[in-house]
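Encoded as structure tokens, the structure appears first; notes follow it.
Quick note: the coordinates plus some simple rules give every number you see, no bench work behind them. These numbers come from a predicted model, not from an experiment. Every residue, glycine as well, gets a Cβ built from its backbone with ideal geometry; the counts of neighbours run over all protein chains shown.
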Amino acid sequence: MIVLTLGVAFLLFDYQLKANLERAQGERVMGLAAVLADRSDIRRALEATPVVHDADSALRQHIERLRERLGVDFITVMDRDHLRLTHPDPREVGRHFRGGDEGPALAGESYVSRSEGTLGVSIRGFAPVRADDGRVIGAVATGVTLSRVGLLLAEKRQVVLLGTLLLMLVGGLGAWWLARYIKRILLGFEPHQISQWVQERQALLASLHEGVLAIDAGGELSLINPAARELLAPVGAAPAADVPATTLAQLFGDGTPALNQRLTLNGRALIVNRVLIREGARPRRRGREAATERGAVQGDETRGGGSVVTLRDRSEVNRLAEELTGVSRYAQALRASTHEFKNRLHVILGLVQLRDLGRLERYLHELDDTLIAPAAARVSGVKDPVLAGFLLAKGSEARERRIELEVELESDIPAAAEEEVCHLLVTIIGNLLENAFEAVAGRDERHVTLTLGLDAGALSLHVADSGCGMDAAQRGEVLEQGVSTKGEGRGYGLAMVRAHVDSRGGHLAIYSTPGRGTLVEVTLPYAVAPSWITDGVT
């Protein structure tokens with residue numbers, strides 16, 4: 001840009017220089033012509049009768065010496081008949097003046113003209129020669145050819161050209177230094193790379209569910225994504241447009257790093273992580289860019305500063321934890337079953353040590369008749385071992401919590417074609433049974449019924465409890481995330497169950513009467529595993 005700009009400036013200046021030089025030469029030759037027109041020897045030569053047109057005249061010789069001293073190409077004296085009295089070429093003396101621009105001078109005008117004569121194209125100055133009575137008796141023309149003007153222009157142009165080249169060199173070095181300095185500030189990356197990373201960063205920040213804020217070394221907020229604005233707004237309010245300084249002070253503290261710090265802002269329970277921006281951090285490059293970067297000067301790093309804070313909603317974290325409820329419920333049920341099994345082993349071990357074989361035999365018969373056989377019979381129609389084991393374990397957990405759990409099968413439940421469906425059922429049933437267990441806790445009658453059935457490719461499961469039930473308003477809100485009658489930090493189980501059911505194209509319904517318990521009905525599409533079909537079981 002500097003070379004191009006100076007090049008255009010040089011062309012414009014050269015054009016202006018040429019115009020100024022031609023104008024200056026025109027004023028000079030016209031002035032000379034005016035001075036010469038007042039000379040008495042020229043006036044006498046033109047007043048002579050007849051006018052002498054001699055190449056060897058004293059007037060011509062004197063004019064030629066004067067022309068050489070003045071540095072012009074010609075000084076021509078002409079009479080009213082346009083015939084020359086003087087000329088640098090002796091052969092032209094006495095001949096008609098060439099150029100056709102002498103007429104106004106013989107009419108009494110002084111002016112500058114450009115025309116082509118015997119010496120070529122020239123810049124000419126004309127002045128009339130007047131007698132004592134004011135009559136025009138002739139004219140004087142002085143001029144310089146364009147070739148002489150070109151020589152003068154070349155001399156001045158050389159100086160301008162050298163100056164322009166010097167400016168180009170200085171400007172080029174300055175531009176190189178400035179580009180190198182700016183590139184060092186930009187960590188060696190090109191503008192199109194920075195633009196691409198900015199766009200990627202904006203898209204990434206907008207897609208994050210976590211809030212992200214950053215402050216610079218001066219403590220000014222330099223970045224905030226939409227999720228952070230939403231998390232920093234009061235509950236139920238629109239996303240925050242501005243972040244108060246007090247809020248920033250709570251978030252960033254004294255600038256020391258922090259991990260999983262708990263903080264409550266505007267009624268929201270947040271988990272805060274804070275890290276410092278490393279100085280001289282450079283994004284990783286790929287391919288040739290990496291090789292170029294390795295060859296760069298090691299000291300070309302730009303100092304940074306400030307901190308970055310990420311925010312997470314603690315209730316959202318709790319909800320995510322509820323996603324693991326299937327596993328947690330299964331583990332809890334297995335724990336209860338293991339505890340119950342260990343108690344039975346202790347009884348058996350004690351009877352063995354007492355060598356009371358009769359009592360041991362009766363105890364084993366009682367276990368088989370009252371617990372093992374009935375429980376195995378209740379889940380005998382469930383062909384998936386994971387689901388069957390889970391139901392047995394939930395029975396043990398119910399007995400441990402002194403709850404009567406009844407499992408009813410309206411039909412055999414074959415294994416599902418997709419393994420994911422089994423884990424989904426564990427999650428759904430685990431949540432519904434846990435809610436039912438909590439609903440009957442503390443009640444005189446602690447009864448929970450789980451009913452499973454398969455019909456026309458759809459699995460139906462009903463969970464009924466003898467709890468305190470819900471009114472119409474509670475039934476309308478209980479499926480909303482975060483809404484629960486059990487206190488703060490709850491209300492994600494049923495919302496998650498509904499999300500799972502909706503994702504599989506199923507149906508969920510809740511029926512409840514205050515004081516008479518609650519019934520939850522779930523219907524899910526259920527594809528039977530091929531092995532079950534080939535076994536011929538319907």
Sorted by chain and number, the residues with a modelled amide H under 5 Å from that of Arg268, at a separation of 5 or more or across chains, are none
What's log10 of I(q)/I(0) for the range 2-152 at q = 0.11, 0.14, 0.21 Å⁻¹, Debye sum over Cα points only, no solvent?
-0.43, -0.64, -1.31
Taking R0 as 30 Å, what's the FRET efficiency between Val170 and Asn20 from their Cβ-Cβ distance, rounded to 0.05?
0.70
Spelling it out for Leu223: with amide H atoms placed in the peptide plane at 1.01 Å from N, the residues 5 or more places away or on another chain with amide H under 5 Å from its amide H are Ala214
Give me a comma-separated list of calculated 3J(HN,Hα) values for the range 199-204, in order, Karplus coefficients 6.51, -1.76, 1.60 applied at θ = phi - 60°, integers in Hz, x for any Gly or Pro.
5, 5, 5, 4, 5, 5
Neighbour-limited loop hits for GluC sites (Glu not before Pro), the range 177-279 (at most 14 other Cβ within 10 Å; DSSP other than H, G, I, E, B):
Glu220, Glu279
Working out 0.36 nm times the residue gap between Asp412 and Arg43, then minus their Cα-Cα distance, what length gain in nm do you get to one decimal?
118.7 nm
Contour minus Cα-Cα distance for Leu221 and Arg184 (0.36 nm per residue)
10.9 nm
Just to be sure I understand the model, the point goes 7 Å from the Cα along the line to the Cβ. What's the resulting Val3 to Arg475 distance in nm?
8.4 nm
What full-extension length gain, to one decimal in nm, is calculated for Asn260 and Glu445 as 0.36 nm per residue of separation minus the Cα-Cα distance?
62.3 nm
Along the Cα→Cβ direction, 7 angstrom out, place labels at His192 and Ala107. What is the inter-label distance in nm?
6.7 nm
Förster-model FRET efficiency, 60 Å R0, Ala527 and Arg355, C-beta, rounded to 0.05:
0.65
What nm distance separates the two modelled labels at Leu12 and Leu70, each placed 7 Å from Cα along Cα→Cβ?
3.7 nm
